[in-house]
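Each remark here refers to the structure printed beneath this line.
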2 protein chains.
Amino acid sequence: MTDQLDQKCIDTLRFLAVDMVQEADSGHPGLPLGAAPMAYVLWQRFLKFNPANPGWSDRDRFVLSAGHGSALLYALLHMTGYELSIDDIRRFRQWGSRTPGHPERGHTPGVEVTTGPLGQGFANAVGLAIAEAQLAARYNRPDHTIVDHRTWVLASDGDLMEGVCAEAVSLAGHLRLGKLNCLYDDNSVTLAAGTDITFTEDRGARFAACGWHVQHVDDGNDVAAIDAALKAARDETARPSLVVVRTHIGYGSPEQDSYKAHGSPLGEEDVRKTKQKLGWPIEPAFLVPGDARDHMRGPGKRGAAAEQEWEQRFKAYADAEPALAAEFERSQHGGLPDGWDADIPVFPADAKGMATRAASGKVLNAIAPKLPQLTGGSADLDPSTKTAMKGLGDFNPAPDGGPDSDDRQGSDGGGWSRAGRNLHFGVREHAMGAIANGLAAHGGCMPFTATFLVFADYMRPPMRLAALSKLHVIHVFTHDSIAVGEDGPTHEPVEQVASLRAIPGLTVIRPCDANEAAVAWRVAIETREAPVTLVFSRQDVPTLDRGRLAAADGLRKGAYVLCDEFADENDPALVLIATGSEVHLIVEAAQRLREEGISVRCVSMPSWELFEAQSKEYRDSVLPPGITARLAVEAGVPQGWSRCVGDAGDMLGVDRYGASAPGNTVMEKYGFTVDNVCTRARALLADR
Amino acid sequence: MTDQLDQKCIDTLRFLAVDMVQEADSGHPGLPLGAAPMAYVLWQRFLKFNPANPGWSDRDRFVLSAGHGSALLYALLHMTGYELSIDDIRRFRQWGSRTPGHPERGHTPGVEVTTGPLGQGFANAVGLAIAEAQLAARYNRPDHTIVDHRTWVLASDGDLMEGVCAEAVSLAGHLRLGKLNCLYDDNSVTLAAGTDITFTEDRGARFAACGWHVQHVDDGNDVAAIDAALKAARDETARPSLVVVRTHIGYGSPEQDSYKAHGSPLGEEDVRKTKQKLGWPIEPAFLVPGDARDHMRGPGKRGAAAEQEWEQRFKAYADAEPALAAEFERSQHGGLPDGWDADIPVFPADAKGMATRAASGKVLNAIAPKLPQLTGGSADLDPSTKTAMKGLGDFNPAPDGGPDSDDRQGSDGGGWSRAGRNLHFGVREHAMGAIANGLAAHGGCMPFTATFLVFADYMRPPMRLAALSKLHVIHVFTHDSIAVGEDGPTHEPVEQVASLRAIPGLTVIRPCDANEAAVAWRVAIETREAPVTLVFSRQDVPTLDRGRLAAADGLRKGAYVLCDEFADENDPALVLIATGSEVHLIVEAAQRLREEGISVRCVSMPSWELFEAQSKEYRDSVLPPGITARLAVEAGVPQGWSRCVGDAGDMLGVDRYGASAPGNTVMEKYGFTVDNVCTRARALLADR
């Protein structure tokens, strides 16, 4: 049962999308035709938003996980009054337009997260819902509710087939994220075929097994049924909700129910036939009936009023809880409280030293109590990644019927609650990355993730999306080289640092000792609107003597002169460059070479990206162009180092997989010794 | 109910593992202590194997997906008579030993696949089971069964949390792989904590929702119950089977049921306490009672007899079906039939040309009918990746009750059967990669995968494992640059080629036109024991005139001189180097520059790895060291190109994300035009 005006609005959305795709001669008409009714009901009757202020913190979040349906989202944004004109709509998928092929956060007002790579949006939504739950628990007070919104996802068959989505489903169910609701556009068709050839599982039953509330709507055009299901989903507060809505891809078009309707323009003739079939005027294209527009401006007006009420509530809250309110506002905008870094330790010189992961853990624990927005955890590796934040609680639903807090094993003694800031992702690296993106996109949270560096491979897709959409996520990776040792090549990263450096917009930092680890965390925290990846050692490394060597603060510039070991007053004959756990090797080698009469400069280069951002003058001052004998040392693939060492330089790296043996044995066998650094350095000088 | 000898065998396995970890002072005692009974029952009573011939094609496959339990696997291999001595056992995790930290294929006899990164082994097992089903359908004849074995997996909580596993579960259920059985070591504990903090879904119900047969064994020490469940699993032929076995991590040790028992040696005192508790002699370590050893040699003897019977059967088969038998044997060893490449087309010069993905599709379809072991498909992208093999059938269970073949949408008209060689992975890139590894590890199959290049990020973990374990898998990636166009930056690879080149042991080839695409496929097919990645364009590129330019066969050497456009008789002033869809730009630019009086050499460099493998003489002949003005052109990040162009060279690449607009517009805006190549080339010469 759908009334006439509702139908007109739905068809307006449908044909705006169809016309966009046709005009661009590119795009995906299938999803908008099938899913327009559910999207309409959600936006018209449930979604809380104010188009005049897309950044209102207490808005509902909508995620189009099936990002290929972007035309539908743009039609919704246009119709509901966001700053997206009909000209923007007409310039779908064109150079410089605000309506790119897939939704891009920061590019189009009202787009919450960048989607398209399937499964990511769904997992982002879990992050958005975690953020809401955590902030609500932290900031709401009995008489003051300032965080209270929902997260809605529209997902496709393709989303549900992706592993990252399955991970997120499992975790969301476990966490009982009652304010997370997913509309599943169950159209039985994917890009290449019907789902009968690959995807015949009982999706509803799978979600139910994962603790979700599951409903079915048999007819995706039945507005009343969709409405009832969304009401029930909203009223179910103990579990996340899935509404399986049976739709028809390319509804009304000659290719309805065929994969051919998925990702190609219908073509002019089929556009005409589809409009005829659904009783829509063939001309003009991009038709927006006035009553449809007026009607769809309604929810935005309600939202504006809701925001005004919220402003009043927030004012009362700020009166009652000024400190909390100030903290809330500051963290919403990513601001740092004064003195957030006051407790970061300075590590004394120590030849035995400590693993940079251990230093990282100490620094994190010095920062976390003072930085309320910092939240995160590992993919089941806290004891190894040293990323547990002591005393700050574990984000988990309050036990009900299960064992109570004290009996539960965890990383932390702060108790279990929605306000807990330690997140436990389980062995789900991919979802961890995507959930962190959702947390960052939400506002009010500064998320970090943690796992072994070799498993960065499991989470590259969300790392790329964080960089593309300028999300401030901190990735901690430990166990960063073949020095991992006994666990062997499956657990020893070799190519990972290089492959992360390849990601545009991602800053990768591999600190050499405890004090560089501390500065690396400072940089990571201070960065705005970009992800930062921190890479730490499993094994102990000496804490360098900063009395003798340059201060670790040089890390901020990406590379800096650690020391000049000059045999006489001359310029150095040789520059030794290293990162991370190999830096102490070049420091020792330089001393030895100086004793042999060779003048050596030692450069610590923890971050290529930070160094690249410096002036040419600075870069040349660290690596004087006239000194071409340069040896770089890093326990990873040599890829990319030629740029730094130049034609006359050399690189001591790892060009094969690691091996299983005690870590120091592996390092020695692979040539990471002071002796070998000296030998390679001498050979470099002998060659000229 | 467990009889005494069974118990003694189980405890022998347990304490071999415990002693290995203790001796190495590194490793994972928790899983072996808990899972030894189920592993024992499986190997002793069900698994078909001949330790004297680990390569027997009709053996059952056993996959320890929870690879951190390697000590248990090594104990099983030793006890059942594989070539793994007690000295090997004692040298667990030591340099050069045959017992590395995690099981490595090709390193230890009896290890089928390399495991450790969680979830991979489970998905490999799905590939092993697909291979068995496909080969059985192709080669068995009514009176001759030469392929008939099972695939058994032992998986942990961590495996089941991973998305790659969830994808594989869904596909295996869909495919009704009745000979796939999984023992799930349900111990409720992971590395960092109890599963109650992250993993409370109903796993059995999830598998059931995915079409699996599910059983529960409540006591993981109950040999009779395990035996009964494995019998039932074996007898269930219509669905894959999961047996959820409730166990206790670190069984018998003081840390039983705690995450502390997962991944650290027990320590001498706890080793003693555990032995006491389970009634095992404290001394000597590595105790192997004679009757236990004798008993556990039983299954291997049965297996040897079974192999003898199989040899008889195969002889009869070879008499009755000599051609099939010869084909079977050849493909088991990766051999290629004569004339496999006879139909590979030669593409005539054509200025409009065709997309290299389209050429790839034609070449694949010319090869596939003659190469029976070639099997593969895409992650729901056949129409785009052009990887459907026409007329060769689709691997899928015969429809039962569902729509029959002709009504089903698919990529191919060859019908649905177990013998179908087109695989449909669904939108499951990660599992696709891992399943392909299983297919390659099985023997008799040469698998390929296909998706968009940007989604290579979803499948890096199995690509790395393919390279590490020397598996011949062919990865096809299309839509290989910002020229993808309208779909925008989420679908435009920028850093992917560089990041794949970083993986040791992986050969990456990016052909420049249809004829290079053909040679690339030849190289991919002819490669033994290593993965090859083929990267193809979405957009048309000119088919180069090989009458005027060098033959495409030069691709075999990774880089070759395409042409010397000399303005006079002198050596070139400049070398232009490009890969893939940018090669035609340098060819045109060279002509233009020659007209301006600049002598230019054009080098096509489709594969760094192949070029690197050539002699220095050859490499210097292509890129003469004396010519330092070198410009490389590739629509990807510059990382790594300095090595090739040198200090005096330049690189025209992409150092940011792409954009949504028609592909040629994006390429133009990013500087990929003949004009800009000429401008950059002139600037390079002007600088000197």
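The values are calculated or read from the model by the stated rules, or taken from the named source; none is laboratory data. As the structure is a prediction and not an experimental result, all values here were calculated from the model. Backbone-built Cβ (ideal geometry, glycine too); neighbour counts: all protein chains shown. The protein model used for the area step is the full one, side chains on, heavy atoms only, and it has no ligands, DNA or RNA in it. Shrake-Rupley method; radii C 1.70, N 1.55, O 1.52, S 1.80 Å.
As a check on your reading of the symmetry: which chain B residue has its Cβ nearest the axis that brings B onto A, and how far is it in Å?
B:G163, 1
Filter A:K277/B:K669; A:K8/A:K48; A:K470/A:K557; B:K8/B:K273 down to the pairs with a C-alpha to C-alpha distance above 29 Å, please. Walk me through the numbers on the way to the answer.
Values: A:K277/B:K669 41 Å; A:K8/A:K48 22 Å; A:K470/A:K557 21 Å; B:K8/B:K273 18 Å.
Among A:K277/B:K669; A:K8/A:K48; A:K470/A:K557; B:K8/B:K273, the Cα-Cα distance tops 29 Å for A:K277/B:K669.
Segment A:485-520: which residues show an accessible-area loss of 50 Å² or more, assembly versus chain alone, 1.4 Å probe?
So the qualifying set is A:E486, A:D487, A:P489, A:T490, A:E495, A:A502, A:P504.
I want the antiparallel fraction of DSSP beta bridges within the protein assembly as shown, as a percent rounded to 5.
On the way: 20 of 132 bridges.
Of those bridges, close to 15 percent are antiparallel.
Taking Cα centroids, how far is segment A:441-514 from segment B:490-510 in Å?
Taking the Cα centre of segment B:490-510 as reference, the centre of segment A:441-514 is 17 Å away.
Kirkwood Rh over alpha-carbon pairs of segment B:107-177, then Stokes-Einstein at 37 °C and 0.692 mPa s: what D in µm² s⁻¹, rounded to an integer? Mind dumping the intermediate values first?
Working: Rh = 13.3 Å.
This corresponds to a translational diffusion coefficient of 246 µm²/s.
If you roll a 1.4 angstrom probe over the protein chains with everything in place, what fraction of the accessible area of segment B:441-577 belongs to carbon and sulfur, to the nearest %? Before the final figure, lay out each step's value.
On the way: 1220 of 2870 Å².
Whole-percent figure for carbon plus sulfur exposure: 43.
Taking 25 °C and 0.890 mPa s as the conditions, I'd like the Stokes-Einstein D for chain B in µm²/s, using the Kirkwood hydrodynamic radius from alpha carbon pairs. Numbers along the way, then the final one.
Values: Rh = 27.0 Å.
In µm²/s, the coefficient rounds to 91.
How large is the accessible surface per residue of chain A, computed with a 1.4 Å probe and reported in Å² as a whole number?
I get 31 Å² per residue for this part.
Just to confirm a number: summing +1 for Lys and Arg and -1 for Asp and Glu over residues other than A:A155 whose beta-carbon lies under 12 angstrom from that of A:A155, what do you get?
Values: positive: A:R203; negative: A:D157, A:D159, A:E162, A:D185, A:D186.
Local charge sum for A:A155: -4.
Restricting to Cα pairs below 8 Å that are 6+ residues apart, what does the relative contact order work out to for segment A:546-688? Please round to a whole percent. Spell out each step's value before the answer.
On the way: 251 pairs, mean separation 35.2, N = 143.
Result for segment A:546-688 is 25 percent.
For a quick check: with amide H placed at 1.01 Å from N, whose amide H comes under 5 Å from B:H475's, ignoring anything fewer than 5 positions away on the same chain?
Residues meeting the criterion, in which the H sits 1.01 Å from N, are B:T449, B:V532, B:T533, B:L534.
So how far, in whole Å, is the C-alpha centre of segment B:333-388 from the one of segment A:283-312?
53
Please work out how much length the chain gains when fully extended from A:T527 to A:H216, using 0.36 nm per residue of separation minus the C-alpha to C-alpha distance, in nm with one decimal. Let's see the in-between values first.
Values: separation 311, 0.36 × 311 = 111.96 nm, distance 4.44 nm.
Contour length minus Cα-Cα distance gives 107.5 nm.
With charges set only on the Cβ (+1 for Lys and Arg, -1 for Asp and Glu), what does the dipole of segment A:111-210 come to about its Cα centre, in debye to the nearest 20? Display every interim value, and only then the final one.
Details: 7 positive and 13 negative charges, 102 e Å.
About 480 debye.
Please list the non-local residues whose amide H lies under 5 Å from the amide H of A:T375, H modeled 1.01 Å from N, same-chain partners needing a gap of 5 or more.
Here A:M446, A:F448 satisfy the definition.
On C-alpha positions alone, give me the angle between the axis of helix B:30-41 and the longest principal axis of chain B, in degrees, nearest 10.
For B:30-41 against chain B, the angle is about 70 degrees.
So what is the 222 nm mean residue ellipticity for chain A from helices alone, if each DSSP H run of at least 4 adds -39500 (n - 2.57) and you divide by all residues, rounding to the nearest 500 deg cm²/dmol? Can you show the working numbers first?
Working: 25 runs with 264 residues, N = 688.
After summing the helix terms and dividing by the residues of chain A, the value is -11500 deg cm²/dmol.
Rounded to whole Å, give me the distance from the Cα center of segment B:634-665 to that of segment A:540-615.
For segment B:634-665 versus segment A:540-615, the Cα centre distance is 31 Å.
If we restrict to alpha carbons, what Rg and Dmax does segment A:1-47 come to, in Å?
Rg then Dmax for segment A:1-47, in Å: 11.3, 34.
Please work out whether segment A:584-652 counts as rounded, prolate or oblate from its C-alpha gyration tensor, where a ≥ b ≥ c are the square roots of the eigenvalues and a/c under 1.5 means rounded, while otherwise a/b larger than b/c means prolate and anything else oblate? Numbers along the way, then the final one.
Numbers: a/c = 1.68, a/b = 1.35, b/c = 1.24.
Note, shape of segment A:584-652 comes out prolate.
Rounded to the nearest 0.05, what FRET efficiency is calculated for B:A686 and A:S621 with R0 set to 25 Å and r the Cβ-Cβ distance?
Rounded to the nearest 0.05, the efficiency is 0.40.
Whenever you get a sec, compute what percent of the accessible area on segment A:219-359 sits on carbon and sulfur atoms (1.4 Å probe). Working shown, then result.
Details: 3460 of 6970 Å².
Looking at segment A:219-359 in its full context, I get 50 percent from C and S.
Measuring from label point to label point, each 7 Å out along Cα→Cβ, what is the B:I282 to A:N53 span in nm?
The answer from the label model is 7.2 nm.
Kirkwood-based Rg over Rh for segment A:635-688 (C-alpha set), two decimals?
Details: Rg = 12.5 Å, Rh = 12.3 Å.
My calculation puts Rg/Rh at 1.01.
Need one number: % antiparallel among DSSP beta bridges in segment A:51-183, to the nearest 5.
Numbers: 1 of 9 bridges.
Roughly 10 percent of the beta bridges in segment A:51-183 run antiparallel, per DSSP.
Please compute the net charge surrounding A:A648, taking Lys and Arg as +1 and Asp and Glu as -1 over other residues with Cβ under 12 Å from its Cβ. Walk me through the intermediate numbers first.
Details: positive: A:R630, A:R688; negative: A:D647, A:D650, A:D687, B:D647.
Around A:A648, the charge tally is -2.
Can you pull the Kirkwood radius for segment A:283-396, inverse mean 1/r over Cα pairs, to one decimal in Å?
With all distinct Cα pairs of segment A:283-396 included, I get 19.0 Å.
Need one word for the protein assembly as shown: rounded, prolate or oblate. Basis is the Cα gyration tensor (sqrt eigenvalues a ≥ b ≥ c); a/c below 1.5 gives rounded, then a/b vs b/c decides.
Working: a/c = 1.11, a/b = 1.04, b/c = 1.07.
Rounded, since a/c falls under 1.5.
Restricting to chain A, compute how many DSSP beta bridges are antiparallel as a %, nearest 5.
Values: 10 of 66 bridges.
So the antiparallel bridges in chain A amount to around 15 percent.
Taking every pair of Cα atoms in segment A:231-291, average 1/r, invert it to obtain the Kirkwood radius, and report Rg/Rh to two decimals.
Working: Rg = 16.8 Å, Rh = 14.3 Å.
Radius of gyration over Kirkwood radius for segment A:231-291 works out to 1.17.
Does segment B:208-261 come out rounded, prolate or oblate, given a ≥ b ≥ c as the square roots of the eigenvalues of its C-alpha gyration tensor, rounded meaning a/c under 1.5 and, failing that, prolate meaning a/b above b/c?
Note, shape of segment B:208-261 comes out oblate.
Between B:R302 and B:Q332, take the C-beta separation as r, use R0 = 22 Å, and let me know the FRET efficiency to the nearest 0.05.
Details: r = 23 Å, r/R0 = 1.03.
Efficiency for this residue pair is about 0.45.
Once you compute Rg and the Kirkwood Rh from C-alpha atoms, what is the Rg to Rh ratio for segment B:58-197?
Numbers: Rg = 16.4 Å, Rh = 16.1 Å.
Rg divided by Rh gives 1.02.
Could you tell me, in Å, what Rg and Dmax come out for the Cα atoms of segment A:551-665?
When restricted to the Cα atoms of segment A:551-665, Rg and Dmax are 14.2, 45 Å.
Heavy-atom accessible surface, probe 1.4 Å, ligands and DNA/RNA ignored: which residues of segment B:639-688 lose at least 40 Å² versus the isolated chain?
Residues losing area: B:Q639, B:S642, B:D647, B:Y657, B:S660, B:K669.
Note the buried accessible area between B and A here, summed over both chains, with a 1.4 Å probe, in Å² to the nearest 100.
Numbers: alone 25400 and 25410 Å², together 42410 Å².
Using a 1.4 Å probe, the pair buries roughly 8400 Å².
Under 20 Å Cα to Cα from A:K390, which aspartates and glutamates show up? Leave out anything in the same chain fewer than 8 places away.
A:D341, A:D343, A:D380, A:D382, A:D404, A:D406, A:D407, A:D412, B:D196
Set the Förster distance to 35 Å, then compute FRET efficiency between B:A349 and A:E269 from the Cβ-Cβ distance, nearest 0.05.
0.45
Using square roots of five times the C-alpha gyration tensor eigenvalues, list the equivalent-ellipsoid semi-axes of segment A:258-306 in whole Å, biggest first. Kindly include the intermediate steps, with their values, before the conclusion.
Working: eigenvalues 187, 47, 14 Å².
Semi-axes (√(5λ), whole Å): 31, 15, 8.
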